[in-house]
Amino acid sequence: MDAAFTTWVPQRRAQIHKTHREVIGHRAARDHAALKTLPPAPYLVAERHLRPVGKDCLIAFGGNLYSVPARKVHPRQLVEIRATKSQVMLHSTVPDSRGGTLLAMHPRAVGRGARVVEETHWDGLPTGKGRRTTTGEVPVQPRHHRPLSEEAGPLQALLNRAAATRVEVGRRPLSVYDELTGTRPFTTHRTTEEPS
């Protein structure tokens, strides 16, 4: 089979191509001369996505979380993710003063639910010190109750504690809703029987 192919190639190269009407061998030599050498670095194939930064300086991608430096981003800022098979590069959409956009580079997490965090990225985030926090029992705040009516019972006591019960609501007869929906004419009082 190889011998048949080697005898066929010179015959084919001597023929005139039906599309560009040139001798195939001459066209092939010109095309090969026009080809450039391969670049020294391999071509990098990467997925590209935009994702917002969370309040904790983490970005969700592929079911995992990756950190970015807190001092270089703000919450809800869009960051470009360039992900290869082995690493995740996080870039700002706006270049910094030196023209660079790279914020962080992490190894790509395997599976889902992983947190890939560089602890120094959290420098600049609030630590929680100085904030009011509860460390034990919270004292019960007294509530302002409406005075109980005569028919006070367990249900009325619960209703009196609810804030919603202190909202004044307009009262109207149900016939108003019948008029609004067109189900029967609007009447606010009973009519007597009509004479026959």
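Of note:
- Label point 7 Å beyond Cα of Ala33 along Cβ direction - residues of the range 1-22 with amide nitrogen under 18 Å: 14, 22
- Whole-Å distance, taken between Cα centres, linking the range 1-54 and the range 71-132: 41 Å
- Environment charge at Leu65 (Cβ cut-off 15 Å; Lys +1, Arg +1, Asp -1, Glu -1): +2
- Summed side-chain charge close to Ser92 - residues other than Ser92 whose Cβ falls under 13 Å, Lys, Arg +1, Asp, Glu -1: +3
- In terms of packing, defined here as the mean over residues of other Cβ atoms within 10 angstrom, the peptides 28-40, 105-117 line up highest first as 105-117, 28-40.
- Each of Trp8, Trp122 has its accessible area taken with a 1.4 Å probe; listed largest first, they run Trp8, Trp122.
The values are calculated or read from the model by the stated rules, or taken from the named source; none is laboratory data. All of these numbers come straight from a predicted model, not from anything done at the bench. Using ideal geometry, Cβ is built from the backbone for each residue, glycine included, and neighbour counts are taken over all protein chains shown. All accessible areas refer to the heavy atoms of the entire protein, side chains included, with ligands and DNA or RNA removed. Shrake-Rupley method; radii C 1.70, N 1.55, O 1.52, S 1.80 Å.
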